[in-house]
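Note sheet for the following structure.
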Amino acid sequence: MSTRYDTPRGNEPSGWATGGVIFAGSILTLAGIFQVITGLVAIINDNFFVVSKNYTFDLDVTAWGWIHLIIGIIVFVVGLGLFTGAGWAAVGAIAIAMLSAIANFFFIPYYPIWSLVVIGLNVWVIWSLTRPGVLQD
Amino acid sequence: VSTQYEPPPQPPTSGWAAGGLIFAGTAMTLGGIFQVINGIVAIADGDFFAKTRNYTFDLDVTAWGWIHLIIGLLVFVVGLGLFTQATWAGFAAIVVAMLSAIANFFFIPYYPIWSLVVIGLDIWVIWSLTRPGVIRT
């Protein structure tokens, strides 16, 4: 009787957990590349982007480009770091995914679709890293 | 006979619950920041937004900005509160996420994409909090 309601075993690393980390690592490296592409375009061809009028956070497009380039590279590196299975990489990945999502939210007025794709991937990464057993602390 | 219909005992701590709370907390703090950004832009640069004609809920854009700012801060704080794993925080999070989604639905005519991102995050938060065992009663 009592065995019927066994608590789920949550402490040993499960296949799901490993899978979640591999997924998150793959998607983060992909999102990092996306953001680097956005950054390069913003640095090289400002005029590609919509100039938004009266936007409060209207930095120079080139400035946003550098922000995207740097964050994109960090996202890419942390994404690779996830494959090592290190605990710091997972926590760092959630933090950098939030940072990247915020930068892209700011950038939506310039080029919404690229930003939406990266935000979506970032939240998906956070979701997969917060599945049970993925984050070992 | 009466014992036959006793509900099964809940496992003391489930990994699913912890994972759902961490995701909801992270996504809420992120969504709160998004909404605060939206509010700041609406307060500082009303001209940034589309002029809607004959919109029934056409408050001043500045007024919507304050609404977004306040709700955004609330979402952010409740999102942090989820990390305490308190029961009240779980219920408050669902209520605040609904409130935030409603405010953003009203705001879609002014700037659809920002609102859609926040609504999507709100729904995802509600979904993850209503998985079995996440909110402990």
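Each reported figure results from applying straightforward, stated rules to the coordinates on display, with no laboratory input. The structure displayed is predicted, hence computed values, not measured ones. Glycine also receives a Cβ, built like all others from the backbone with ideal geometry; neighbour counts cover every protein chain displayed.
Grab the DSSP H runs of the protein assembly as shown that are 4 residues or longer, score each as -39,500 (n - 2.57), total them, divide by all residues and round the 222 nm result to the nearest 500 deg cm²/dmol.
On the way: 8 runs with 182 residues, N = 274.
It comes out at -23500 deg cm²/dmol, rounded to the nearest 500.
If you wrap a convex hull around the Cα atoms of chain A, how much volume per residue is inside, in Å³?
Numbers: hull volume 15.3 nm³, N = 137.
Cα-based convex hull of chain A, divided per residue, equals 112 Å³.
Quick one: dipole size for chain A, taken about the Cα centre, charges +1 on Lys/Arg Cβ and -1 on Asp/Glu Cβ, in debye to the nearest 20.
Values: 4 positive and 6 negative charges, 60 e Å.
Using Cβ point charges on Lys, Arg, Asp and Glu, chain A gives about 300 debye.
In nm², what is the average projected area of the convex hull enclosing the Cα atoms of the range A:44-86? Don't skip to the end; give the middle numbers.
Working: hull surface 16.4 nm².
Averaging across all directions leaves 4.1 nm² for the Cα convex hull.
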Looking only at other chains, what is the average number of their beta-carbon atoms within 10 angstrom of each beta-carbon in A:129-135? 6
For the protein assembly as shown, using Cα atoms only, the Rg and Dmax in Å read 20.7, 76
Using the Karplus curve 6.51 cos²θ - 1.76 cosθ + 1.60 with θ = phi - 60°, work out ³J(HN,Hα) for each residue of the range B:70-77 in order, rounded to whole Hz, and write x for Gly and Pro. 5, 5, x, 4, 4, 4, 4, 5
Quick check: the distance between the Cα centres of the range B:91-137 and the range A:56-83, to the nearest angstrom? 27 Å
In Å³ per residue, the alpha-carbon convex hull of chain B encloses 109 Å³
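If the only charges are +1 at each Lys and Arg Cβ and -1 at each Asp and Glu Cβ, what is the size of the charge dipole of the protein assembly as shown around the Cα centre, to the nearest 20 debye?
Working: 8 positive and 12 negative charges, 100 e Å.
With only Lys, Arg, Asp and Glu charged at Cβ, the dipole is about 480 debye.
Quick check for me: using +1 on Lys/Arg Cβ and -1 on Asp/Glu Cβ, what's the dipole size of the range B:13-137 about its Cα centre, in debye to the nearest 20? Display every interim value, and only then the final one.
Details: 4 positive and 5 negative charges, 76 e Å.
Its charge dipole is roughly 360 debye.
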In whole Hz, what ³J(HN,Hα) sequence does the range A:26-31 give by Karplus (6.51, -1.76, 1.60; θ = phi - 60°), x for Gly and Pro? 4, 5, 5, 4, 4, 4
